[in-house]
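See structure below.
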Amino acid sequence: MSDSTTDSTATPVVLDVWCELQCPDCHAALDDLRALRARYGDRLEVRLRHFPLEKHKHAYAAAQAAEEAIAQGQGWPYAEAVLARTEELAAEGEPLLIDTARELGLDAEEFDTALIDGRHLLIVDADQAEGKAIGVTGTPTYVIGGERLDGGKSQAGLRERIEEIADRLLAEPGGQL
């Protein structure tokens, strides 16, 4: 029988990232997310949560496309690829979303169909509603251990704060640190 404090199958700490794929600040936050993944590995589950902002014309479609990428097993690689092209997304819109899927070897036709039939609308709407309910007003916003950290105005010090919270949560009974 294994001790739950060292069991590699213990439940990871969850970091919800309220993100918008046309947001330059979310693109800038990718370095912090990569550093967090490198530091914690599977002890930290980074979950993409959608919060499309009205000021970005293609953000809602991008969120739906990201959900299709998740359905095809490539959620974060797709999100990162789109975030790397925020300016292009603003200019090109949905064709860029489908091209990005194709470039990643995903089923681009299924992306096109998903954007037409709206199969992922409910997930995007639910994320956005939950974000509003907990006080998300901009992106990126992080939620870890019940604490909301707003990166919409400044991301200074956020990674360090996330690490402090994650370290504390992982050190608690049942944690993995």
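Across the stretch 112-154, what is the number of residues that are touching a residue at least 60 places away in the same chain (Cβ under 8 Å) and assigned to a loop (DSSP other than H, G, I, E, B)?
Matching residues across the stretch 112-154 total 7.
Out of the residues in the stretch 112-121 meeting the condition of being closer than 13 Å to Ala66 by Cα and not basic (Lys, Arg), tell me which one is surrounded by the most Cβ atoms within 10 Å (Cβ to Cβ).
Checked the stretch 112-121; the qualifying residue surrounded by the most Cβ atoms within 10 Å (Cβ to Cβ) is Ala114.
For every residue, the table says whether it meets (1) open to solvent by 60 Å² or more (accessible area, probe 1.4 Å); (2) free of Cβ contacts under 8 Å to residues at least 24 places away in the same chain; (3) more than 22 Å from Val143 (Cβ to Cβ).
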{"site": "Val13", "(1), (2), (3)": "no, no, no"}
{"site": "Glu20", "(1), (2), (3)": "no, no, no"}
{"site": "Cys23", "(1), (2), (3)": "no, no, no"}
{"site": "Ala38", "(1), (2), (3)": "yes, yes, no"}
{"site": "Arg49", "(1), (2), (3)": "no, no, no"}
{"site": "Ala65", "(1), (2), (3)": "no, no, yes"}
{"site": "Leu106", "(1), (2), (3)": "no, no, yes"}
{"site": "Glu110", "(1), (2), (3)": "yes, no, yes"}
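I'd like to know if the stretch 82-101 contains one or more residues that are touching a residue at least 40 places away in the same chain (Cβ under 8 Å), farther than 23 Å from Phe51 by Cβ and either in contact with a Ser or Thr (Cβ under 7 Å, 6 or more places away or on another chain) or surrounded by 14 or more Cβ atoms within 10 Å (Cβ to Cβ) (or both).
no
Being buried (at least 21 other Cβ atoms within 10 Å of the Cβ) and of a type in the set (A, V, I, L, M, F, W, C) is the filter here; which residues of the stretch 51-60 pass it?
Once the filter is applied, which keeps residues that are buried (at least 21 other Cβ atoms within 10 Å of the Cβ) and of a type in the set (A, V, I, L, M, F, W, C), the stretch 51-60 yields Phe51, Ala59.
How many residues are at pLDDT below 90 and open to solvent by 60 Å² or more (accessible area, probe 1.4 Å) when one looks only at the stretch 126-153?
Here the count works out to 1.
The values are calculated or read from the model by the stated rules, or taken from the named source; none is laboratory data. All figures in this text were calculated on a predicted structure; none of them were measured in a lab. Ideal geometry is used to build each Cβ from the backbone, glycine not excepted, and the neighbour counts take in all protein chains shown. These accessible areas exclude ligands, DNA and RNA; they are computed on the full protein's heavy atoms, side chains included. Shrake-Rupley method; radii C 1.70, N 1.55, O 1.52, S 1.80 Å.
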